[in-house]
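A quick write-up on the structure given underneath.
Just so it is clear, none of the values below were taken in a lab; they were calculated from the coordinates. Keep in mind the model is a prediction, meaning the values are calculated, not measured. Because the Cβ atoms are built from the backbone with ideal geometry, glycine has one as well, and the counts that use them run over all protein chains shown.
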Amino acid sequence: MATEEDNTVREPLDLIRLSLDEKVYVKLKGERELRGKLHAYDQHLNMILGDVEETVTMVEIDEETFEEIIKTNKRMVPYLFVRGDGVILVSPPLRS
Amino acid sequence: MLFYSYFKTLVGKEVTVELKNDLAITGTLHSVDQYLNIKLNNIRVVNEQKYPHMLSVRACFVRGSVVRFILLPPGSVDVELLHDATRREARGG
Amino acid sequence: MDGQVLLPPNIEDIPPPGLALVEELDKLLLVQLRDGRKIIGTLRSFDQFANLVLQGAKERIIVGTQYAEIPLGLHVVRGENVVLLGELDLAREPPAGLELVSEAAIKQAQRAEREADKMKGTLRARFDFLDDI
């Protein structure tokens with residue numbers, strides 16, 4: 001089914017279509033970031049990612065010195081469905 | 001309708017639904033509708049001590065709009081199938 | 001996975017919107033709202049937005065190991081505020097390890113909890129103020 005038309009970028013979501021089966025970066029609400037392989041998406045930017053690394057950044061206050069400590073928590077998830085309404089941006093893979 | 005169709009294939013499988021309020025619930029997927037509202041059976045709550053009100057809840061309906069993530073069972077993800085369905089949906093089919 | 005293609009559903013296979021909660025009708029449910037409150041009641045009606053009519057509703061407040069239930073009567077809950085509906089297992093009701101106290105006692109405990117949280121906040125705010133000097 002691969003036609004020339006498939007590689008043209010006419011609207012924003014076409015760029016995401018070209019990232020299928022590639023590693024993408026997704027920034028989400030609530031200081032969350034995902035890096036993983038894009039396996040599916042729809043017009044709402046609901047997505048399924050594979051081999052996902054999730055990074056959550058939070059600011060904690062040290063109980064004694066009251067200094068702000070920036071903490072990042074990472075976890076790996078084999079396959080993750082992401083609801084589109086939490087997505088801030090999707091970045092296609094960097095090609096070097 | 002891609003994800004609605006896909007989640008229908010997961011009925012009967014165990015998934016973990018993580019909500020926007022950080023509550024995470026593992027259970028058997030009982031049903032899904034076109035809004036991606038989800039019903040789970042035989043649920044257990046991750047970090048149960050923090051959510052004592054869930055101790056007597058066995059089955060639940062989660063409104064689609066409050067879902068952040070759904071952790072999928074690796075054995076039920078056919079990536080080729082998803083790629084094909086996504087390309088078809090992107091063409092508007 | 002059995003099928004080789006993931007086909008869009010046939011239009012007649014999609015259930016009409018607003019039937020998701022049919023199985024829950026007339027059951028005793030625990031409804032968690034977006035502001036964290038928990039309402040218990042019998043589901044008498046609903047629609048496609050998950051707007052709910054709860055009969056004999058009561059708010060269950062849990063603080064630490066104590067809980068109380070405050071009668072609310074008949075309630076209509078707007079769907080967008082619904083996080084989840086839990087079917088209560090009557091054999092596990094009330095939840096083990098929780099002690100039923102009066103409305104006054106739980107409100108007191110809630111205030112104490114809020115004060116403790118606020119205290120942390122003010123201390124932090126004071127230190128932020130010092131940072132700005």
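Of the set (1) touching an Asp or Glu at 6+ places or on another chain (Cβ under 9 Å); (2) among the hydrophobic types (A, V, I, L, M, F, W, C); (3) within 14 Å of another protein chain (Cβ to nearest Cβ), all apply to C:Ala116 but (1). Among the residues of region C:14-39, the one identified as more than 28 Å from C:Ile62 (Cα to Cα) and touching a helix residue (DSSP H, G or I) at 6+ places or on another chain (Cβ under 9 Å) is C:Ile14. Checked against the criteria, B:His83 counts as more than 9 Å from chain C (Cβ to nearest Cβ) and not in a strand (DSSP E or B). Which of the residues belonging to region B:1-21 are out of contact with any Lys or Arg (no Cβ under 9 Å at 6 or more places or on another chain) and basic (Lys, Arg)? Correct list: B:Lys8, B:Lys13. Within region B:37-91, the residues that satisfy the criterion of being in contact with a Leu (Cβ under 8 Å, 6 or more places away or on another chain), charged (D, E, K, R) and either under 19 Å from A:Leu49 (Cβ atoms) or buried (at least 20 other Cβ atoms within 10 Å of the Cβ) (or both) are B:Lys39, B:Arg63, B:Arg68, B:Asp84, B:Arg87, B:Glu89.
Of the residues making up region B:18-31, at least one is within 7 Å of chain C (Cβ to nearest Cβ), touching a residue at least 40 places away in the same chain (Cβ under 8 Å) and not in a loop (DSSP other than H, G, I, E, B). Examine region B:48-71 for a residue that is part of a strand (DSSP E or B), more than 8 Å from chain C (Cβ to nearest Cβ) and of a type in the set (Phe, Trp, Tyr), and state whether such a residue exists. Yes, region B:48-71 contains at least one residue that is part of a strand (DSSP E or B), more than 8 Å from chain C (Cβ to nearest Cβ) and of a type in the set (Phe, Trp, Tyr).
Annotation note: of A:Asn7, A:Asn46, the sole residue that is polar (S, T, N, Q) and within 11 Å of the chain's Cα centre (by Cα) is A:Asn46.
For every residue, the table says whether it meets (1) outside any strand (DSSP E or B); (2) charged (D, E, K, R); (3) surrounded by 12 or more Cβ atoms within 10 Å (Cβ to Cβ); (4) at the interface with chain B (Cβ under 9 Å from one of its Cβ atoms).
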site: C:Glu12; (1), (2), (3), (4): yes, yes, no, no
site: C:Asp26; (1), (2), (3), (4): yes, yes, no, no
site: C:Leu30; (1), (2), (3), (4): no, no, yes, yes
site: C:Asp35; (1), (2), (3), (4): yes, yes, no, no
site: C:Ala50; (1), (2), (3), (4): yes, no, yes, yes
site: C:Gln55; (1), (2), (3), (4): no, no, yes, no
site: C:Ile70; (1), (2), (3), (4): no, no, yes, no
site: C:Gly73; (1), (2), (3), (4): no, no, no, no
site: C:Glu80; (1), (2), (3), (4): yes, yes, yes, yes
